[in-house]
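Shown next, in structure tokens, is the structure this report addresses.
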Amino acid sequence: MSQKPLGSSGIRDGDKEAQKRAQDLLRKGSLVGIPTETVYGLAADACNGQAVARIFEVKGRPQFNPLICHVDGLELAQKLGVFDERAMALAKKFWPGSLSIVVPKTADCPVSDLVSAGLDTIAIRCPNSAFTRDLIASMGMPLAAPSANPSGKLSPTVASAVRDAFSTDQVPLVVDMGPCKMGLESTIVYCVEGQPVTILRHGAVLMEDLEAVLGENTVRKHQPDINDENAPRAPGMLASHYAPDSKLVLWDEDQPQAQETDTVLTFAAQPVTGMERALNTLDLSLTGDMAEAAANLFSMLRQLDELQPKRIIVVPPPAHGLGVAIVDRLRRAAAPRNT
Ligand code: TXA
Ligand code: MG
């Protein structure tokens with residue numbers, strides 16, 4: 001790439017145009033391929049649930065794994081997550097850079113529930129790409145971005161790999177800033193008050209780098225202990241762990257009648273017998289729009305759960321497209337639990 005002069009913000013003047021296009025598209029809810037020093041990301045406005053749903057749709061992920069939220073620095077990060085002393089020390093040392101920090105969400109976190117797949121924690125990273133940081137700063141909003149590969153494929157370290165993997169309908173813009181310097185995904189560290197700092201995914205920042213900041217023997221490698229409810233989970237496991245407190249019943253094979261003590265979650269206005277007497281009824285998408293349904297899934301389940309019903313009766317959407325991931329999540333939440 002030719003060396004153009006640096007603008008006052010640190011990005012090349014010639015890249016301002018790409019930034020403007022990226023901004024317009026992201027504000028409209030479109031996806032943009034963004035450069036980071038680790039791998040290229042597939043970005044959406046993290047506060048727009050339907051845009052986030054599109055990430056899962058175009059990646060063809062059959063499950064809702066939580067995504068990393070990208071910020072331009074600590075100030076925005078602290079609007080999203082609660083940083084204890086350790087998280088703060090790590091962010092100050094490694095940001096911008098290849099460390100994603102999982103922290104509790106703030107009470108008024110503006111990010112869509114779909115980003116963290118209904119969890120009450122959020123993974124946050126400040127990438128070391130002047131372009132991407134400047135884009136986030138100019139928009140004043142975090143970007144949710146997984147690696148920009150179709151599900152099951154290798155993570156892309158050059159822009160052309162992203163361009164080739166998706167149509168321009170799916171991803172109208174891929175910003176090319178040359179090959180990624182690291183070529184390896186960020187280290188993910190779990191950092192929640194009262195619990196040991198735990199590495200959930202290994203990456204460029206090493207355990208000894210973390211301990212150099214936090215002190216010797218303060219950081220654990222993730223060791224799954226399925227019997228320990230409070231142990232931090234591997235990324236995938238953490239996601240599958242989320243379920244409402246109330247019993248969740250699917251309205252498919254048996255079609256239970258709703259009672260006064262139940263809440264009901266419908267799809268495309270498909271009625272459930274007895275729903276008029278239920279405690280409350282919500283609809284994932286009255287028009288049957290899967291992206292809208294995905295965007296509403298976790299927040300609606302939460303709303304219905306908060307009423308402490310005996311059961312949440314859910315009409316599952318048809319299992320195609322994003323419906324596959326929605327139904328997967330509903331089935332797991334409906335599976336018997338030993339509590
Ligand atoms: O380097 C990277 O981290 C790249 C670039 C684009 O920033 N992103 C990336 O994202 O690798 P992705 O979606 O491919 O991986 C995100 C990982 C997933 O394994 C997910 O389960 C985990 O982060 N994760 C996200 N939020 C989490 C949370 N609240 N708790 C535990 N794990 C979480
Ligand atoms: Mg990935």
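With the condition kept exactly as written, say whether any residue in the range 195-208 is within 18 Å of Ile101 (Cα to Cα), among the acidic types (Asp, Glu) and within 16 Å of ligand 2 (Cβ to nearest atom). No; the residues of the range 195-208 include none that is within 18 Å of Ile101 (Cα to Cα), among the acidic types (Asp, Glu) and within 16 Å of ligand 2 (Cβ to nearest atom). Of all residues in the range 64-73, none are acidic (Asp, Glu) and surrounded by fewer than 22 Cβ atoms within 10 Å (Cβ to Cβ). If the condition is being open to solvent by less than 20 Å² (accessible area, probe 1.4 Å), of a type in the set (Val, Ile, Thr) and part of a loop (DSSP other than H, G, I, E, B), then the range 261-281 contributes only Val272.
Note on the range 50-63: among residues that are open to solvent by 10 Å² or more (accessible area, probe 1.4 Å) and in contact with a helix residue (DSSP H, G or I) (Cβ under 7 Å, 6 or more places away or on another chain), the one that is farthest from ligand 1 (Cβ to nearest atom) is Gln50.
When Ser129, Ser138, Ser112 are checked against the criterion of being surrounded by fewer than 21 Cβ atoms within 10 Å (Cβ to Cβ), among the hydroxyl-bearing types (Ser, Thr, Tyr) and away from ligand 2 (no atom under 16 Å from the Cβ), a single residue qualifies: Ser138. If you go through the range 153-173 and keep only what is within 16 Å of ligand 2 (Cβ to nearest atom), without any contact (Cβ under 8 Å) to a residue 24 or more places away in the chain and assigned to a loop (DSSP other than H, G, I, E, B), you end up with Lys153, Leu154. The numbered conditions (1) among the β-branched types (Val, Ile, Thr); (2) away from ligand 1 (no atom under 11 Å from the Cβ); (3) within 24 Å of Ile326 (Cα to Cα) are all true for Val158 except (3). Residue-level check: of (1) open to solvent by less than 50 Å² (accessible area, probe 1.4 Å); (2) within 30 Å of Arg201 (Cβ to Cβ), Ala258 misses just (2).
Hey, any hits in the range 75-98 for a residue that's modelled with pLDDT of 95 or more, more than 12 Å from the chain's Cα centre (by Cα) and within 16 Å of ligand 2 (Cβ to nearest atom)? Write out each step before concluding.
First, the residues of the range 75-98 that are modelled with pLDDT of 95 or more: 75-98.
Next, only the ones that are more than 12 Å from the chain's Cα centre (by Cα) stay: 75-98.
Remaining after also requiring within 16 Å of ligand 2 (Cβ to nearest atom): 98.
Yes, there is a match, as at least one residue in the range 75-98 is modelled with pLDDT of 95 or more, more than 12 Å from the chain's Cα centre (by Cα) and within 16 Å of ligand 2 (Cβ to nearest atom).
Looking at the range 178-193, is at least one residue more than 24 Å from Ala91 (Cα to Cα) and open to solvent by less than 40 Å² (accessible area, probe 1.4 Å)? Yes, the range 178-193 contains a residue that is more than 24 Å from Ala91 (Cα to Cα) and open to solvent by less than 40 Å² (accessible area, probe 1.4 Å). Pairs meeting the criteria (first residue in the range 59-76 and in the same structural domain as Gly140 (by TED's automatic domain parsing), second residue within 14 Å of ligand 2 (Cβ to nearest atom) and part of a strand (DSSP E or B), beta carbons under 6 Å, at least 6 apart or on different chains) are Leu67/Ala144; Ile68/Ser100; Ile68/Ala123; Ile68/Arg125; Cys69/Ala144; His70/Arg125. Of all residue pairs spaced 6 or more apart or on separate chains, those with beta-carbon atoms under 8 Å, a first member in the range 34-47 that is more than 9 Å from ligand 1 (Cβ to nearest atom) and a second member that is basic (Lys, Arg) and open to solvent by 10 Å² or more (accessible area, probe 1.4 Å) are Ala44/Arg54; Asp45/Arg27. Give the range 200-212 a look and list any residue that's of a type outside the set (D, E, K, R) and either modelled with pLDDT under 95 or open to solvent by 20 Å² or more (accessible area, probe 1.4 Å) (or both), or say none. Selection gives Leu200, His202, Gly203, Ala204, Val205, Leu206, Met207, Ala212. Annotation: Pro150 fulfils all but one of (1) under 26 Å from Val219 (Cβ atoms); (2) within 16 Å of ligand 2 (Cβ to nearest atom); (3) surrounded by fewer than 18 Cβ atoms within 10 Å (Cβ to Cβ); the unmet one is (1).
The values are calculated or read from the model by the stated rules, or taken from the named source; none is laboratory data. All values derive from a computational prediction rather than experimental measurement. Here Cβ is always computed from backbone atoms with ideal geometry, including for glycine, and neighbour counts include all displayed protein chains. The accessibility values were calculated without ligands, DNA or RNA, using every heavy atom of the protein model including side chains. Shrake-Rupley method; radii C 1.70, N 1.55, O 1.52, S 1.80 Å.
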